[in-house]
Amino acid sequence: MNSVRYLHELQHIDLEIDARVAAIERIDERLRTDDSIPLARAVVESRESEVRAAQSALPEIEAEESDLNRRLASIDKGLRVGGIKNQSQLSHMEEERSRLLEEKSLLEERELEAMLADEAAGTGLAEARAELVRAEQAWAEESANLSQERIVLEAEIAELHRQRTAHLESAAGLDTELLAKYERLRKTRRGLAVAVVENGMCSGCRESLPKATLQECRSGQRVVYCSCGRILYAPH
Ligand SMILES: [Zn+2]
């Protein structure tokens, strides 16, 4: 039947439109939800706070070190100048001196560690900043491509709508009720209102069709429906 063939052709155009609308939705979703830049930015911020922490440790150690040096210098001066009253005072000063030297060597270790931590934090920050630049460049490129793709899809959809209108105009005698039914079926049958008969089966639900239905369908005398509700189309 001619009207079924018309509807099948119309459906072909409609499915092409559907595919492009879905592609645009995927593009918009991607444009809306990309989180590569915020993630890279968060890493930069966390590296910055690591650098601040590492840098604040050094002045503290340096202050402790100069205090220690002052105390050591004072003992050294005492030992050098003399005036030590007895052996006990002398050994007390020497003990204090070796305790301070031990403390100083521990402090120097801490200072070295802090310097290394500072350096590592600086390297980490530089890497995170470079990664942010890379992410920004990659996203600029990708989003430009996606926007370009979107423009092409929009143009194709506009062209398909023109084809659809021309197709409907060429089928001026098409039963408006059948067309309305087609539109309803498209909504409820995931876009597939017209199912092609393939190897005696409905391409919509994959059920085998009764012989009588097949014959009726091929005769093209009237519109035949599958038990799944779809309009059956048997191309010759
Ligand atoms: Zn079916």
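No value in this document is a laboratory result; all are computed from the given coordinates. Only a predicted model underlies this, so the values are computations on that prediction, with no experimental measurement involved. Note that we place each Cβ from the backbone using ideal geometry, even for glycine, and neighbour counts take in every protein chain shown.
Observations on the model:
- For the chain, a simple Cβ point-charge model (Lys and Arg +1, Asp and Glu -1, everything else neutral) yields a dipole of about 1760 debye relative to the Cα centre.
- Within-11-Å neighbourhood charge of Arg97 [Cβ basis; K, R +1; D, E -1]: -3
- For the chain, dividing the convex hull volume of the Cα atoms by the residue count gives 195 Å³ per residue.
- With the simple spin-label model, which puts each label point 7 Å out from Cα in the Cβ direction, the Glu141 to Asp76 separation comes to 6.0 nm.
- Using alpha-carbon coordinates, inclination of helix 2-33 to the longest axis of the chain, degrees: 10
- A helix-only calculation puts the chain at -28500 deg cm²/dmol for mean residue ellipticity at 222 nm, using -39500 (n - 2.57) for each DSSP H run of at least four residues, averaged over all residues.
- Among Ala158, Asn69, Leu178 the positive-end extreme of the charge dipole of the chain (Cβ point charges): Leu178
- Annotation: aspartates and glutamates with alpha-carbon distance below 20 angstrom to Lys211 (same-chain offsets under eight excluded): Glu198.
- Partnerless Cys - the chain, beta-carbon criterion under 4.7 Å: Cys217
- 19 Å cut-off, amide nitrogen to a point 7 angstrom out along Cys205 Cα→Cβ, residues in the range 172-187: 181-187
- Summing charges over all other residues whose Cβ lies under 12 Å from the Cβ of Ile27, with Lys and Arg as +1 and Asp and Glu as -1, gives -2.
- Magnitude of the charge dipole for the range 129-236, about its Cα centre and with charges confined to Cβ atoms of Lys, Arg (+1) and Asp, Glu (-1), is about 640 debye.
- Summarising the amide proton neighbourhood of Tyr233: residues at separation of 5 or more, or on other chains, whose placed amide H is nearer than 5 Å comprise Ala195, Val196, Val197.
- When the charge dipole of the range 28-173 is built from unit charges on Cβ atoms (+1 for Lys and Arg, -1 for Asp and Glu) and taken about the Cα centre, the candidate among Gly122, Trp139, Thr33 whose Cα reaches farthest toward its positive end is Gly122.
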